[in-house]
Amino acid sequence: MASVDVVKEEDPTNNVPDPIYSKIGLQLHRSGNHPLGILKNTIYDYFDKNFSGKFNKFDDLCPLVSVKQNFDDVLVPADHVSRSYNDTYYVDAQTVLRCHTSAHQAELLRDGHTHFLVTGDVYRRDSIDSTHYPVFHQMEGFRVFSPDDWSDSGMDGTAYAAADLKKTLEGLARHLFGAVEMRWVDTYFPFTNPSFELEIYFQDDWLEVLGCGVTEQEILKSNGRTDHVAWAFGLGLERLSMVLFDIPDIRLFWSNDQRFTSQFSEGKLGVKFKPFSKFPPCYKDMSFWINEEFTENNLCEVVRGIAGDLVEEVKLIDNFTNKKGMTSHCYRIAYRSMERSLTDEEINDMQWNVREEVKNKLKVELR
Ligand code: FA5
Ligand code: MG
């Protein structure tokens with residue numbers, strides 16, 4: 001595919017940089033020896049066992065989808081931030097790299113499916129740290145109920161679906177983790193109501209692992225399921241794998257290093273990842289006066305474009321506005337390889353390039 005840059009003077013409707021293009025088609029979730037593939041198959045086992053094979057599985061749907069599939073079909077409002085070029089990768093004005101597997105709900109409903117799981121790579125412009133990566137994997141789950149299913153329950157359809165959803169996902173969490181500390185948090189999605197997130201306690205903090213809820217009636221109605229109710233969920237497969245296998249950094253999923261890949265094999269769920277050694281991070285700070293167009297996602301894309309997976313975190317550590325109304329940001333960039341020690345020289349080179357590109361592409365004034 002074409003080579004493109006962060007700032008698209010030539011084609012303002014395409015904001016996909018090469019490192020992102022190069023991830024398309026890798027399909028980590030379809031490799032049985034990769035932690036994501038092992039996890040996917042274990043989730044399949046849970047659904048096969050508990051729903052006697054009723055869930056249809058899709059793990060090969062193309063990640064290039066229309067704006068309509070990604071947003072309109074799941075009722076994302078026209079002015080929602082997730083539609084912006086700052087948050088989503090656009091291939092052209094009508095086509096995006098899907099930012100969630102929910103992009104496939106409507107078409108599968110229209111095709112008549114009532115129980116399905118969709119696994120795939122999803123793409124987002126986002127911040128940089130150990131649990132966020134611009135390409136990651138989700139599994140969508142969807143279950144449709146007809147009035148017969150809930151009529152004897154004494155509940156209305158929505159309450160029935162919500163209870164079934166929580167029961168199903170708590171069962172999944174136990175299937176994956178055994179005993180684990182988890183909690184439900186109320187949240188908002190345009191396509192579900194009520195909506196929830198499940199958090200799991202990991203590395204001394206609560207980690208959000210999935211979003212879910214009871215599907216908005218309008219989606220069911222528009223796709224041939226009037227008078228039905230449904231639940232849906234979207235799992236973050238890297239996040240669940242990190243907890244399951246004790247993987248400390250999300251970049252490791254993309255590693256081809258034998259010392260990583262050889263630790264995982266088909267069907268082996270309980271294995272804890274043994275870090276092959278912990279290399280020290282190197283921190284570099286940079287300060288600049290921001291302008292009106294500045295966003296952290298743009299900064300992160302510049303940094304990742306130069307340092308690739310050698311950048312571990314980009315963090316705002318200072319922020320002030322002077323008397324003239326100019327705002328200064330100071331970011332701390334952590335460089336660390338998962339695989340080897342970095343030399344001072346290569347870190348200084350990267351940092352120098354980062355400073356140049358930040359200045360030239362983001363048009364900010366370095367301090
Ligand atoms: C969604 O993407 C919704 N489509 C999920 C959903 C489906 C809700 C169906 C209701 C019904 P969210 O943006 O919160 O929601 O992402 C879902 C999960 O993906 C998160 O809980 C998290 O586990 C994972 N995730 C989100 N961003 C990243 C990222 N940058 N890197 C790794 N994992 C991520
Ligand atoms: Mg979320």
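The values are calculated or read from the model by the stated rules, or taken from the named source; none is laboratory data. The model shown is predicted, which means the values in this text are computed figures rather than measured ones. We place every Cβ from the backbone using ideal geometry, glycine too, and count neighbours over all the protein chains shown. For the accessible areas, the whole protein counts, side chains as well, though only heavy atoms, and no ligand, DNA or RNA atoms are used. Shrake-Rupley method; radii C 1.70, N 1.55, O 1.52, S 1.80 Å.
Data overview
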quantity: Any chance residue 160 is open to solvent by 80 Å² or more (accessible area, probe 1.4 Å), touching a strand residue (DSSP E or B) at 6+ places or on another chain (Cβ under 8 Å) and either near ligand 1 (Cβ under 10 Å from one of its atoms) or of a type in the set (Ser, Thr, Tyr) (or both); calculated: no
quantity: Close pairs from the range 317-328: first at negative phi and touching a residue at least 12 places away in the same chain (Cβ under 8 Å), partner among the hydroxyl-bearing types (Ser, Thr, Tyr) and part of a strand (DSSP E or B), Cβ under 8 Å, at least 6 apart; calculated: 317/331; 318/287; 318/328; 327/321; 328/287; 328/321
quantity: Counted residues, the range 172-202 - those being away from ligand 1 (no atom under 16 Å from the Cβ) and either on the phi > 0 side of the Ramachandran plot or in contact with a Phe, Trp or Tyr (Cβ under 7 Å, 6 or more places away or on another chain) (or both); calculated: 3
quantity: Filter pass, residue 236 being at pLDDT 95 or above, over 19 Å from residue 182 (Cβ atoms) and either within 16 Å of ligand 2 (Cβ to nearest atom) or among the small types (Gly, Ala, Ser) (or both); calculated: no
quantity: Some residue of the range 61-74 being in a loop (DSSP other than H, G, I, E, B) and open to solvent by less than 40 Å² (accessible area, probe 1.4 Å); calculated: yes
quantity: Residues (more than 20 Å from residue 138 (Cα to Cα) and open to solvent by 40 Å² or more (accessible area, probe 1.4 Å)) located in the range 87-99; calculated: 92, 93, 94
quantity: Within the range 120-143, tally of residues that are touching a strand residue (DSSP E or B) at 6+ places or on another chain (Cβ under 9 Å) and assigned to a strand (DSSP E or B); calculated: 14
quantity: Residue 304 within 16 Å of ligand 2 (Cβ to nearest atom) and either aliphatic (A, V, I, L, M) or surrounded by 14 or more Cβ atoms within 10 Å (Cβ to Cβ) (or both); calculated: no
quantity: Residue that is over 18 Å from the mean Cα position of the chain (by Cα) and under 21 Å from residue 77 (Cα atoms), where the choices are 186, 205; calculated: 186
quantity: The range 35-60, subset of a type in the set (Lys, Arg) and exposed (fewer than 14 other Cβ atoms within 10 Å of the Cβ), residue nearest to residue 257 (Cα to Cα); calculated: 49
quantity: Residue within the range 100-117 that is touching a residue at least 60 places away in the same chain (Cβ under 8 Å), under 16 Å from the mean Cα position of the chain (by Cα) and more than 16 Å from ligand 2 (Cβ to nearest atom) present; calculated: no
quantity: Residues that are open to solvent by 40 Å² or more (accessible area, probe 1.4 Å) and of a type in the set (D, E, K, R), drawn from the range 194-245; calculated: 204, 205, 208, 216, 218, 221, 225, 227, 239
quantity: Residues being touching a Lys or Arg at 6+ places or on another chain (Cβ under 6 Å) and either assigned to a strand (DSSP E or B) or open to solvent by 30 Å² or more (accessible area, probe 1.4 Å) (or both) - total across the range 339-367; calculated: 1
quantity: Hits in the range 43-78 (condition: under 15 Å from residue 140 (Cα atoms) and of a type in the set (S, T, N, Q)); calculated: 56, 69, 70
quantity: Options 202, 245: the member that is within 16 Å of ligand 2 (Cβ to nearest atom) and either without any contact (Cβ under 8 Å) to a residue 12 or more places away in the chain or of a type outside the set (Lys, Arg) (or both); calculated: 202
